[in-house]
Amino acid sequence: MLKKLKTLETFFVFKVSISIFAPNMRENIIHKAAVLFLTLGFKSVTMDDIAHEMGISKKTIYVHFPNKTKLVEAVTFNLFDTICAGIDDICENVSNPIEELYSIKMFVMHHLKNEKSSPQYQLKKYYPKIHTELKYKQFEKMHQSVQESLEHGVATEVFRNTIDVDFISRMYFTGMTGIKDNMFFPPEHYKMNYLMESYLEYHLRAIVTEKGLQILNKFITSNQSEK
């Protein structure tokens, strides 16, 4: 009887341990997979690679993710949520809409590891359904954020009061996603940091007032990247 009780106790402790540490393991897998995917590419990294880097068995990964597609999906939307939360925080704490855009650019570049492996391109090519859903979510988020930023800029007189806020917010999204197209901007010729800074300048010069231009010129001087 005592032996049976000890067996039940051991089983109970094991089950409790699994319930406590399982969420953390899932998060750890997502974090490590994100680093590898963004550095080496969605296609190149295997489940074996992730298991090896984490020092765990591949079976442990499959406990949380039945296949690589599900892991890619979890990593993609976890990263999206993280970036959205960071953007919201910047928008709440930065008063100048020009500074806001540059701060968001730096934040995004930090979390995407400078996009060394062209993750958007690989996601579109190898996981098109995930890419399509992500692009829709990105549009919803960016369209709203940019609209609010433009309205704030008009109110503070750094952006012209004649701009079409809805049109420009849509064009901004189109441009930001367009510069990530490897066919038009091959990574061997253009660094992503340079592309984002150049597009930001292009976008802002078209809508700033004289007051806004003075602020913009300060950021251009302090945020110049090599091509």
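Scan region 65-86 for residues that are of a type outside the set (Phe, Trp, Tyr) and in contact (Cβ under 8 Å) with a residue 60 or more places away in the chain and report the count.
Residues meeting the conditions: 1.
Does at least one position in region 156-173 carry a residue that is under 17 Å from the mean Cα position of the chain (by Cα) and either among the basic types (Lys, Arg) or within 21 Å of Asn93 (Cα to Cα) (or both)?
No, that holds for no residue.
Between His143, His111, His152, which is surrounded by fewer than 18 Cβ atoms within 10 Å (Cβ to Cβ), closer than 27 Å to Asn67 by Cβ and either touching a residue at least 24 places away in the same chain (Cβ under 8 Å) or acidic (Asp, Glu) (or both)?
Result of the check over His143, His111, His152: His111.
Of the numbered conditions (1) touching a helix residue (DSSP H, G or I) at 6+ places or on another chain (Cβ under 9 Å); (2) more than 21 Å from Ile87 (Cα to Cα), Glu188 satisfies every one except a single condition; which is it?
(1)
Picking from Leu101, Leu79, Leu134, which residue would you name as being at pLDDT 90 or above, more than 24 Å from Arg26 (Cβ to Cβ) and surrounded by 13 or more Cβ atoms within 10 Å (Cβ to Cβ)?
Leu101
Residues in region 181-189: is at least one part of a helix (DSSP H, G or I) and under 26 Å from the mean Cα position of the chain (by Cα)?
There is no residue in region 181-189 that is part of a helix (DSSP H, G or I) and under 26 Å from the mean Cα position of the chain (by Cα).
Which of the following residues is over 30 Å from His152 (Cα atoms) and crowded, with 17+ Cβ neighbours inside 10 Å: Tyr62, Tyr121?
Tyr121
For region 59-93, what are the residues that are under 17 Å from Gln138 (Cα atoms) and hydroxyl-bearing (Ser, Thr, Tyr)?
Of everything in region 59-93, those that are under 17 Å from Gln138 (Cα atoms) and hydroxyl-bearing (Ser, Thr, Tyr) turn out to be Thr76, Thr82.
The values are calculated or read from the model by the stated rules, or taken from the named source; none is laboratory data. The structure displayed is predicted, hence computed values, not measured ones. Using ideal geometry, Cβ is built from the backbone for each residue, glycine included, and neighbour counts are taken over all protein chains shown.
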